[in-house]
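Chemist: Sharing a structure, written as structure tokens. Questions coming.
The values are calculated or read from the model by the stated rules, or taken from the named source; none is laboratory data. Keep in mind that what you see is a predicted model, and the values were worked out from it rather than measured. Don't worry about glycine lacking a Cβ; one is built from the backbone with ideal geometry, like all the others, and counts go over all protein chains shown.
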Amino acid sequence: PRVIRRADYAAPDWLVPDIAMVIDLDPAQTHVRTTMSVTRNGAHDRPLRLDGDMIEPSIVWIDGIEADAWTRTGGMLEIPLTGQHHIVEIEVLLAPERNTQLMGLYASGGLLCTQCEAEGFRRITFFPDRPDVLSRYKVRLIANKARFPVLLANGDPVGTGDLEDGKHYADWDDPFPKPCYLFALVAGDLVANRTTFVTRSGREVSLAIWVRAPDLAKTDHALHALSTSMRWDEEVYGREYDLDVFNIVAVDDFNFGAMENKGLNIFNSRYILADPDTATDYDYDAVAAVVAHEYFHNWSGNRVTCRDWFQLSLKEGFTVYRDQQFSADQGSAAVKRIEDVRTLRAAQFPEDSGPLAHPVRPDEYQEISNFYTATIYNKGAEVIRMMATMLGRDRFRAGSDLYFDRHDGTAATVEDFALAMEDAGEIDLAQFRLWYSQAGTPRVTATLTHHAGDGRAMLSLRQHVPATPGQPTKQPMVLPLRIKLFGADTGKPLGEERLFLLRDAAAEIAFETVTETPVLSINRGFSAPVVVETNRTAADLAFLSAHDDDPFARYEAMQQLMLDTLVTAVTHGHADHQAVIDAVRNTLTDANLDSAFIAEAVLLPSDSFIGDQLAVVDPDAVSAAREALRRDLGRALERDWREAYERSRANRFEYSPAAKGARRLRTVSLGYIAASGAADAAELAFVQFENADNMTDRQGALTTLVSSHADSRIAALDIFYNRYSDNPLVLDKWFSTQALSSRDDTLAVVEELARHRDFTLANPNRARALVGAFSVNQRAFHAADGRGYRFVADQLIALDKLNPQTAAKLVPPLGRWKRFDEGRATLMRGELERILATPGLSKDMFEQVAKSLD
Ligand code: HT7
Ligand code: ZN
């Protein structure tokens with residue numbers, strides 16, 4: 001396989017300032033005629049080399065004359081050219097209805113749509129498919145009017161008209177030079193939910209969310225999120241929208257969450273459609289976050305794009321940080337931070353400690369779609385967050401303004417971003433840049449000692465960055481740690497919070513006039529994305545979980561207390577649960593805390609996160625320890641859970657932070673009541689399931705039932721299925737809820753579900769709902785006989801033939817074999833080897849599987 005290296009970057013040989021496309025759309029045979037003005041870039045005599053994938057040119061013209069001097073090498077079309085400027089025209093035929101990879105032009109639910117990032121445009125026409133070739137696009141779309149009444153492309157609409165044979169056309173003009181990965185079109189029978197947005201300089205923008213007619217009523221939330229994020233970006237980053245229209249289209253078959261194509265975002269319908277009956281609060285929040293994320297790309301990604309794909313985090317890390325800030329501003333910032341850190345720990349920390357670990361700015365890749373990872377996105381966002389922490393709000397904003405001013409209309413690098421922050425923020429980021437080049441999660445050891453006699457406390461810090469593939473030795477990084485001490489007797493802070501930049505392998509910090517026993521609060525707000533080990537006792541953690549004035553640190557102390565208890569239980573066979581029970585009671589009954597925070601704080605760490613703390617994971621022991629602690633918490637606090645359950649009851653659905661928090665606490669309480677073994681728990685869950693006026697309560701109750709022994713779980717699943725059998729997004733929940741069950745028979749149920757008439761690998765959401773969800777169900781997936789591994793490997797082999805990108809994204813759980821006992825590790829490797837030996841394996845899968853075997 002060909003390896004692409006960052007060090008090999010060279011500027012493009014030819015630029016394409018202008019491109020005009022005429023696309024005559026038909027699912028069976030689409031004609032694409034592309035006219036490019038090409039300009040030699042620098043003094044060289046190399047031919048024009050255009051990328052193409054699965055396409056053939058039917059005819060090529062150079063400066064209006066049919067040409068035959070072109071050649072095909074690999075996927076490339078090579079055209080010898082003599083002058084500085086030429087006009088090159090190429091015609092290509094496509095069959096979108098046969099495109100199962102969902103890259104390029106494809107059909108979804110009667111629509112025709114595109115996905116070009118990262119390298120899909122080369123499946124539509126021949127072009128220098130690299131992000132540093134920016135062009136102005138003029139596009140004419142032609143299609144049968146009855147079948148495809150709506151024709152959308154990037155930019156602004158400039159004309160429409162009727163043609164012969166029942167066809168019509170629409171012309172679109174995008175004045176902003178863009179890389180071809182931002183090209184998009186949609187054709188179909190769609191309706192729009194519309195509104196107008198007036199930018200702060202008075203420009204009127206017409207906003208529209210396009211869906212199929214029956215889904216129109218589910219688009220208000222997304223449309224509202226769009227206007228809210230447009231205003232937010234003006235207020236917080238000074239960024240204004242720049243076209244006359246902003247269109248969003250929802251499609252059912254999509255490899256990712258959404259795509260930020262200039263002026264024409266295309267979304268996985270799960271991140272657009274929401275109403276109380278079908279979407280949970282989690283879905284509502286995700287819709288708003290993804291709408292905001294894609295909108296924010298208009299500046300961080302589109303106006304300033306990436307020079308090459310190694311710079312992917314330049315747009316993705318920054319944009320995730322921006323969408324996290326946006327969501328924090330819309331509701332509880334504390335709960336949002338807790339959720340973001342939970343995601344980071346669940347998705348990125350395991351990646352950073354496994355065979356697929358890579359730096360935020362990778363050095364090489366085989367298949368770029370494998371690098372749309374939690375490291376690029378979520379760790380990338382943490383890197384931006386650390387810069388913001390070090391600079392403070394105003395200097396960070398000055399750095400961001402400078403970055404956008406300097407690089408508007410160009411393709412930039414991570415280095416350009418760092419330089420803008422240094423120049424505007426007057427900070428030296430030389431050592432900090434290691435966050436972009438070194439993979440691996442740093443580990444910090446913090447030891448606090450107190451000398452009561454002289455009132456001094458000493459905090460000694462050490463850092464270690466573990467080896468990762470290709471990076472055996474590491475240098476110390478800059479770790480911004482927010483630190484504060486609290487008095488164990490009074491519960492009061494001992495002085496102000498400090499921001500300490502740990503730069504060396506080891507450092508000591510002295511605290512003076514510490515007159516009472518101090519308790520250490522460190523990495524408050526999760527100021528650095530690191531693992532911290534401290535010498536804090538269970539009593540210290542319980543104390544912080546009740547007294548820390550940083551809500552994240554309070555949550556974190558509780559999590560650490562729970563984790564320490566669970567790790568002891570797994571490694572010693574038993575543990576004392578009392579400290580956790582007391583701490584949870586304190587939090588649950590604290591009238592000053594809001595329900596959303598309580599619900600997060602009292603949740604036990606997941607099986608996988610507990611496993612991540614162990615040298616060798618024993619999935620059965622982990623699950624048994626967690627269940628035992630859940631049961632004891634349920635029993636010891638049963639009255640409190642019931643009280644919380646009752647007090648969180650609502651008369652009527654409302655979408656507000658307070659109502660969401662109440663629903664969350666209600667379902668968490670229900671889970672603990674069920675864990676206690678209470679005789680009425682299943683009845684309580686079934687009543688909640690039946691009476692729910694919203695999906696959050698309904699799915700919460702279903703989740704509880706599906707992990708129980710109650711017969712009513714079968715009835716509930718049937719009722720749920722029958723009620724939503726024509727709603728694909730809710731059916732995905734039906735599949736994933738069963739795949740995530742903690743019951744002993746989950747694997748058998750999942751195997752059966754894979755034969756269900758509604759299961760298909762052709763739809764990525766459905767594949768992820770069953771196979772993806774099952775492979776993160778630690779206990780079921782890691783069945784000791786290897787049946788879980790075999791099931792997933794079979795599915796991946798089948799999926800790879802249809803949609804390699806989606807298949808490759810599901811490989812990581814199998815690749816974590818080094819973390820398990822020899823028996824499981826051998827079985828997991830065996831399945832990886834079986835996948836690797838499959839004839840015709842895609843390069844996407846090859847890269848993920850081969851690296852996972854190393
Ligand atoms: N920038 C978008 C990435 C994306 C993508 C990548 C690979 C294959 C399919 C894809 N669809 C969208 C999404 C985003 O981060 O905003
Ligand atoms: Zn993005």
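Chemist: Quick check, is Ala143 in the same structural domain as Tyr241 (by TED's automatic domain parsing) and within 30 Å of Asp132 (Cβ to Cβ)?
Modeler: Answer is no for this residue.
Chemist: Step by step: first the residues of the range 260-297, then only those that are polar (S, T, N, Q) and surrounded by fewer than 24 Cβ atoms within 10 Å (Cβ to Cβ), then the one that is nearest to ligand 1 (Cβ to nearest atom). Which residue is that?
Modeler: Filtering the range 260-297 for residues that are polar (S, T, N, Q) and surrounded by fewer than 24 Cβ atoms within 10 Å (Cβ to Cβ), the one nearest to ligand 1 (Cβ to nearest atom) comes out as Asn268.
Chemist: Then there's this: So which of Leu499, Leu485 ends up being touching a Pro at 6+ places or on another chain (Cβ under 7 Å), at pLDDT 95 or above, surrounded by fewer than 21 Cβ atoms within 10 Å (Cβ to Cβ) and over 24 Å from Pro359 (Cα atoms)?
Modeler: When all the criteria are applied, what remains is Leu499.
Chemist: Just to verify a result, which residue in the range 141-191, among those that are farther than 29 Å from Val304 by Cβ and touching a helix residue (DSSP H, G or I) at 6+ places or on another chain (Cβ under 9 Å), is surrounded by the most Cβ atoms within 10 Å (Cβ to Cβ)?
Modeler: If we take residues in the range 141-191 being farther than 29 Å from Val304 by Cβ and touching a helix residue (DSSP H, G or I) at 6+ places or on another chain (Cβ under 9 Å), then Leu190 is surrounded by the most Cβ atoms within 10 Å (Cβ to Cβ).
Chemist: Please enumerate the residues belonging to the range 758-780 that are aromatic (Phe, Trp, Tyr) and closer than 21 Å to Gly611 by Cα.
Modeler: Phe774
Chemist: Oh, and also: Report yes if some residue within the range 367-384 is over 21 Å from the mean Cα position of the chain (by Cα) and surrounded by fewer than 20 Cβ atoms within 10 Å (Cβ to Cβ); otherwise report no.
Modeler: Among the residues of the range 367-384, not one is over 21 Å from the mean Cα position of the chain (by Cα) and surrounded by fewer than 20 Cβ atoms within 10 Å (Cβ to Cβ), which makes the answer no.
Chemist: If we only count helices (runs of 4 or more DSSP H) wholly inside the range 692-750, which ones have 2 or more residues that are closer than 28 Å to Ala250 by Cα and among the polar types (S, T, N, Q)?
Modeler: Passing ranges, in order: 695-706, 728-739.
Chemist: Take the residues of the range 319-345 that are of a type in the set (A, V, I, L, M, F, W, C) and within 13 Å of the chain's Cα centre (by Cα): which is nearest to ligand 1 (Cβ to nearest atom)?
Modeler: Val320
Chemist: Another question, if that's okay. Taking the stated definitions as given, is Gly455 farther than 20 Å from Pro529 by Cα and within 29 Å of the chain's Cα centre (by Cα)?
Modeler: Taking the combined requirement at face value, the residue does not satisfy it.
Chemist: Oh, and also: Can you name every residue in the range 558-580 that is in a helix (DSSP H, G or I), out of contact with any Phe, Trp or Tyr (no Cβ under 8 Å at 6 or more places or on another chain) and not β-branched (Val, Ile, Thr)?
Modeler: The answer is Met558, Gln559, Gln560, Leu561, Met562, Asp564, Leu566, Ala569, His572, Gln578, Ala579.
Chemist: Yes or no: the range 463-479 includes at least one residue that is closer than 30 Å to Asp844 by Cα, surrounded by fewer than 19 Cβ atoms within 10 Å (Cβ to Cβ) and free of Cβ contacts under 8 Å to residues at least 24 places away in the same chain.
Modeler: yes
Chemist: Looking at this structure, is Ala739 surrounded by fewer than 18 Cβ atoms within 10 Å (Cβ to Cβ) and touching a helix residue (DSSP H, G or I) at 6+ places or on another chain (Cβ under 8 Å)?
Modeler: Considered against the rule, which asks whether it is surrounded by fewer than 18 Cβ atoms within 10 Å (Cβ to Cβ) and touching a helix residue (DSSP H, G or I) at 6+ places or on another chain (Cβ under 8 Å), Ala739 comes out as no.
Chemist: Touching a residue at least 24 places away in the same chain (Cβ under 8 Å) and either within 19 Å of Leu112 (Cβ to Cβ) or acidic (Asp, Glu) (or both): does that describe Phe267?
Modeler: Yes.
Chemist: With the condition kept exactly as written, say whether any residue in the range 633-654 is modelled with pLDDT of 95 or more, touching a Gly at 6+ places or on another chain (Cβ under 9 Å), buried (at least 23 other Cβ atoms within 10 Å of the Cβ) and under 30 Å from Ala333 (Cα atoms).
Modeler: Scanning the range 633-654, I find at least one residue that is modelled with pLDDT of 95 or more, touching a Gly at 6+ places or on another chain (Cβ under 9 Å), buried (at least 23 other Cβ atoms within 10 Å of the Cβ) and under 30 Å from Ala333 (Cα atoms), so the answer is yes.
Chemist: Let me ask something else. In the range 1-75, which strands (runs of 3 or more DSSP E) lie fully inside it and hold 1 or more residues that are free of Cβ contacts under 8 Å to residues at least 24 places away in the same chain?
Modeler: Because the criterion is at least 1 residues that are free of Cβ contacts under 8 Å to residues at least 24 places away in the same chain, the strands (runs of 3 or more DSSP E) in the range 1-75 that meet it are 71-73.
Chemist: Looking at Asp693, Asp732, Asp726, can you tell me which residue is touching a residue at least 12 places away in the same chain (Cβ under 8 Å) and either surrounded by fewer than 18 Cβ atoms within 10 Å (Cβ to Cβ) or hydroxyl-bearing (Ser, Thr, Tyr) (or both)?
Modeler: So the residue among Asp693, Asp732, Asp726 that is touching a residue at least 12 places away in the same chain (Cβ under 8 Å) and either surrounded by fewer than 18 Cβ atoms within 10 Å (Cβ to Cβ) or hydroxyl-bearing (Ser, Thr, Tyr) (or both) is Asp693.
Chemist: Assuming Lys262 fulfils every condition listed in (1) within 26 Å of Arg768 (Cβ to Cβ); (2) of a type outside the set (Ser, Thr, Tyr); (3) within 16 Å of ligand 2 (Cβ to nearest atom) apart from one, which condition is it?
Modeler: Among (1) within 26 Å of Arg768 (Cβ to Cβ); (2) of a type outside the set (Ser, Thr, Tyr); (3) within 16 Å of ligand 2 (Cβ to nearest atom), Lys262 violates only (1).
Chemist: Which of the residues spanning the range 269-300 are assigned to a loop (DSSP other than H, G, I, E, B) and either among the basic types (Lys, Arg) or more than 15 Å from ligand 2 (Cβ to nearest atom) (or both)?
Modeler: Passing the criteria: Ile272, Leu273, Ala274, Asp275, Pro276, Asp277, Thr278, Ala279, Thr280.
Chemist: From the residues in the range 751-775 that are part of a loop (DSSP other than H, G, I, E, B) and in contact with an Asp or Glu (Cβ under 9 Å, 6 or more places away or on another chain), which one is surrounded by the fewest Cβ atoms within 10 Å (Cβ to Cβ)?
Modeler: Ala762
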